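Undergrad: I'd like to ask you about the structure that follows.
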Amino acid sequence: MSRTVQRIGVFDSGIGGLTVLKSLMELLPHTNMVYLGDCARLPYGTKSPKTIVHYSLQCSRFLASKDIDLLVVACNTASAHALGALEQELEIPVVGVIEAGARAVIDSGGRRVGVIGTPTTIRSGAYVRIMHEIEPDLEIISQACPLFVPLVEEGWFQDEITELVARRYLSGMIEARIDTLLLGCTHYPLLKGILGNIMGSEVQIIDSAFSIARVVEEIVGTPAKDLTHAEVVYYLSDLSPRFIDIGEVILGHEMKYVYDVDLCV
Ligand code: DGL
């Protein structure tokens, strides 16, 4: 079903959600986007569900004040714990990343699946629950990878230290001979190169950033022709030059409109 969506709000705890934004911009180049990175309070992935719900409500209220027609919860940790609260709070559609990622795994035909994510996402069991609802016989093993987020925030996408850490986290998945690896965190697509090398070419890697963009594309539908190029505005709860440097590498273009925001007022 498609509806009129002029502006999409996207939030994440930090820089990782830019992987989702990038996929959205590629699929929907004529739709305006407002991105909120709650970098001041990153990481979300080690905090309690209560805190995640509280932060997510603050992020979504801020984005709702920017006149968005649809909210994309790019953060897996927030999607795992706060989706229900956000749906109750907002009067616009809210799309979370967990279901999109889980469905992409099922569609891929994988039978032995590894799920990696933040400790709070993995503890929620959300990915496993949704996949087992659809496909009860699926073999799934999960692994929290808390060190991946700081390594990505540091920009160490292709680094020997990152590779060492990844080898340790993935050893159980290699032993279990998984055929599919689901990247259940916005930051992990930036480590795809290293993760692919470690797992080998027989293991397919499912990137939930791309999967959620496809779901949003279906909701938004095909835009009318001859629309001008869309405007993308960025709000950060902690504006650092580093964010912009790394953000522009991730996006592959300039971040033109970047503003500081205080979410705690
Ligand atoms: N954005 C978070 C997620 O996708 C990871 C970063 C964090 O821990 O805040 O789960």
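Quick note: the coordinates plus some simple rules give every number you see, no bench work behind them. As the structure is a computational prediction, the values presented were derived from the model and not from experiment. Quick reminder, even Gly has a Cβ in these numbers, built from the backbone with ideal geometry, and neighbours come from all protein chains shown.
Undergrad: May I ask which residue of PHE157, LEU182, LEU195 lies farthest towards the positive end of the charge dipole of region 142-237, with charges of +1 (Lys, Arg) and -1 (Asp, Glu) on Cβ and the Cα centre as origin?
TA: Positive-most Cα among the choices belongs to LEU182.
Undergrad: How many Å³ per residue does the convex hull of the Cα positions in region 77-199 occupy?
TA: Once divided by residue count, the hull of region 77-199 is 108 Å³.
Undergrad: For ILE141, what residues show an amide H to amide H distance below 5 Å, using hydrogens built from the backbone and excluding near sequence neighbours?
TA: Result for ILE141 returns VAL113, GLY114, VAL115.
Undergrad: Using only the Cα atoms of region 106-165, build the gyration tensor, take square roots of its eigenvalues as a ≥ b ≥ c, and label the shape rounded, prolate or oblate: rounded if a/c is under 1.5, else prolate if a/b is larger than b/c, else oblate.
TA: Values: a/c = 3.15, a/b = 2.08, b/c = 1.51.
Judged from the Cα gyration tensor, region 106-165 comes out prolate (a/c at least 1.5, a/b above b/c).
Undergrad: First select every other residue whose beta carbon is under 14 angstrom from the beta carbon of LEU27; then total the charges, Lys and Arg +1, Asp and Glu -1.
TA: Around LEU27, the charge tally is -2.
Undergrad: Arrange the peptides 134-144, 203-213 so that the one whose residues have, on average, the most other Cβ atoms within 10 Å appears first.
TA: Per-residue Cβ counts within 10 Å, averaged per peptide and sorted highest first, yield 203-213, 134-144.
Undergrad: List the lysines whose alpha-carbon lies under 18 Å from that of LYS66, not counting same-chain residues fewer than 8 positions away?
TA: Qualifying lysines at Cα under 18 Å: LYS256.
Undergrad: At 222 nm, what helix-only mean residue ellipticity would the chain give, in deg cm²/dmol to the nearest 500, using -39500 (n - 2.57) for each DSSP H run of four or more?
TA: -14000 deg cm²/dmol
Undergrad: List, largest first, the extents of the alpha carbons of the chain along their principal axes, each in whole Å.
TA: 48, 40, 39
Undergrad: While we're on this one: Arrange the peptides 250-260, 4-14 so that the one whose residues have, on average, the most other Cβ atoms within 10 Å appears first. Before the final figure, lay out the partial values.
TA: Values: 250-260: 12.9, 4-14: 23.4.
Per-residue mean Cβ counts within 10 Å order the peptides as 4-14, 250-260.
Undergrad: Continuing with this model, one more query. List the lysines whose Cα lies under 17 Å from the Cα of LYS192, skipping any in the same chain that are fewer than 8 positions away.
TA: LYS22
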